[in-house]
Each structure stands twice: as structure tokens, then as C-alpha cells.
Amino acid sequence: MIFLIVLSLFGCSEKEANQPKGKEKNNTIETESKEKNEIEIVKLDRKTVINITVSRVGESLLDVREPHVTYHQYNSIELKTFVNAIQRAEKMKGIFDMKSPNYLITITFEDKTFSRYLLWLHNDGGSFMNEKDLNTLYKLPTDLIVDFSGYVQ
């Protein structure tokens with residue numbers, strides 16, 4: 001009984017309190033097996049990543065949709081895959097005539113700063129650009145394409 005009173009004070013039902021916490025996808029929660037005390041710290045450029053959001057892009061960058069997938073620190077496998085892809089990508093310099101990207105990836109760091117990446121993803125490959133450097137295209141490692149595709153869709 002006391003448990004239910006405490007829950008009602010915090011504005012949640014017993015069903016919500018007993019729901020497992022995990023990755024958010026399309027307003028549903030998928031079960032995550034890691035306990036809170038097992039969070040693995042993921043870093044990019046010596047900055048701690050606290051979450052990564054994925055948004056679909058429409059016909060142009062003016063048509064960026066609301067984030068449809070968010071990965072938090074307890075999703076360390078997914079965070080490590082994104083960071084690994086960024087770190088291992090093949091750098092290609094030049095001027096590129098690219099159509100609108102499929103996705104916008106936003107990486108938020110512990111210090112409240114963020115980085116955004118434009119992502120083009122296809123069945124046989126993928127590439128991305130940092131929004132702050134549109135003269136450099138990065139080709140995603142082929143061994144990460146399947147995992148990466150599953151995480152952004």
C-alpha cells in the first residue's frame with residue numbers, strides 16, 4: 001500500500017514503475033538487460049557520450065523529423081557501434097554533390113555540447129558528414145553497415 005502511495009506522489013502507476021527501462025523506440029520501451037550500476041562509459045574525442053538520437057530526414061535538411069530512436073548510456077553496445085563507425089570511417093576529402101541524407105544523428109555529450117552528423121545509408125554501404133565540415137565525407141566500415149542500419153531504423 002505504501003508503495004502505491006509513493007508511486008502516486010511521483011505521478012506514475014504501478015505498471016509504469018515495474019516496466020523495464022531500455023532503449024526508446026517509437027514511444028515504446030524495449031527491455032535492456034544491463035543494470036544501472038553496469039553502465040559502460042563511451043567516449044568520442046575524449047568527451048563522454050550521454051545519448052545519441054536518430055531523426056529521419058525528408059526531402060531536404062529543412063525537413064528533419066522528430067527523433068525516432070534515442071540511445072542512452074545504458075545502451076553502451078549501440079553507443080559503441082556509433083562511435084566505432086565514426087572513428088573507423090574512411091575519410092574522403094573534396095566537394096561532393098549529395099542528395100538529402102536519410103538521417104540526422106545527434107550525439108550529446110556530458111558537458112551539454114553536441115555533434116551532428118548527416119547520414120546516407122543504403123543496403124550496400126553508407127557514408128556520413130559532420131555538419132561542421134561539409135567538405136569531408138566519411139565512408140562507413142562495411143562490417144558495421146548491418147548493425148548500424150538496425151540501430152537507425
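The values are calculated or read from the model by the stated rules, or taken from the named source; none is laboratory data. In this text, all values refer to a predicted model and were calculated from it rather than measured experimentally. Every residue, glycine as well, gets a Cβ built from its backbone with ideal geometry; the counts of neighbours run over all protein chains shown.
Just to be sure before I move on: is Ile86 modelled with pLDDT under 95, closer than 23 Å to Val42 by Cβ, in contact with a Leu (Cβ under 7 Å, 6 or more places away or on another chain) and not in a loop (DSSP other than H, G, I, E, B) in the structure I sent?
Yes, satisfied.
Every residue in the range 67-83 that is part of a helix (DSSP H, G or I), surrounded by 17 or more Cβ atoms within 10 Å (Cβ to Cβ) and either on the phi > 0 side of the Ramachandran plot or of a type outside the set (Ser, Thr, Tyr) (or both), please.
Of everything in the range 67-83, those that are part of a helix (DSSP H, G or I), surrounded by 17 or more Cβ atoms within 10 Å (Cβ to Cβ) and either on the phi > 0 side of the Ramachandran plot or of a type outside the set (Ser, Thr, Tyr) (or both) turn out to be Glu78, Leu79, Phe82, Val83.
Here is a list: Val152, Val146. Which entry is among the β-branched types (Val, Ile, Thr), out of contact with any helix residue (DSSP H, G or I) (no Cβ under 7 Å at 6 or more places or on another chain) and surrounded by fewer than 17 Cβ atoms within 10 Å (Cβ to Cβ)?
Val146
Condition check: farther than 22 Å from Leu140 by Cα, at pLDDT 90 or above and either out of contact with any Lys or Arg (no Cβ under 7 Å at 6 or more places or on another chain) or polar (S, T, N, Q) (or both). Does Lys80 satisfy that?
No: the conditions fail for Lys80.
For the range 43-64, does any single residue satisfy the condition of being at pLDDT 85 or above, touching a Leu at 6+ places or on another chain (Cβ under 8 Å) and in a loop (DSSP other than H, G, I, E, B)?
Scanning the range 43-64 turns up no residue that is at pLDDT 85 or above, touching a Leu at 6+ places or on another chain (Cβ under 8 Å) and in a loop (DSSP other than H, G, I, E, B).
Give me a count of the residues in the range 93-137 that are not aromatic (Phe, Trp, Tyr) and not in a strand (DSSP E or B).
Selection size over the range 93-137: 16.
State whether one or more residues within the range 118-127 are without any contact (Cβ under 8 Å) to a residue 12 or more places away in the chain and hydrophobic (A, V, I, L, M, F, W, C).
Taking every residue of the range 118-127 in turn, none turns out to be without any contact (Cβ under 8 Å) to a residue 12 or more places away in the chain and hydrophobic (A, V, I, L, M, F, W, C).
Which one of Ser100, Ser115 is surrounded by 11 or more Cβ atoms within 10 Å (Cβ to Cβ) and at pLDDT 95 or above?
Ser115
Got a sec? Which of Gly150, Gly126 is farther than 24 Å from Ile41 by Cα and modelled with pLDDT of 85 or more?
Only one candidate qualifies: Gly126.
At pLDDT below 95, within 26 Å of Leu62 (Cβ to Cβ), within 15 Å of the chain's Cα centre (by Cα) and aliphatic (A, V, I, L, M), is that true of Ile95?
When the stated conditions are applied, Ile95 does not pass them.
Starting from the range 89-103, keep only residues that are under 25 Å from Gln153 (Cβ atoms), then list their pairs with residues that are aromatic (Phe, Trp, Tyr) whose Cβ atoms are within a distance under 6 Å, requiring at least 6 positions of separation or different chains.
Short answer, once both residue conditions are applied: Ala89/Tyr138; Pro101/Trp120; Asn102/Trp120.
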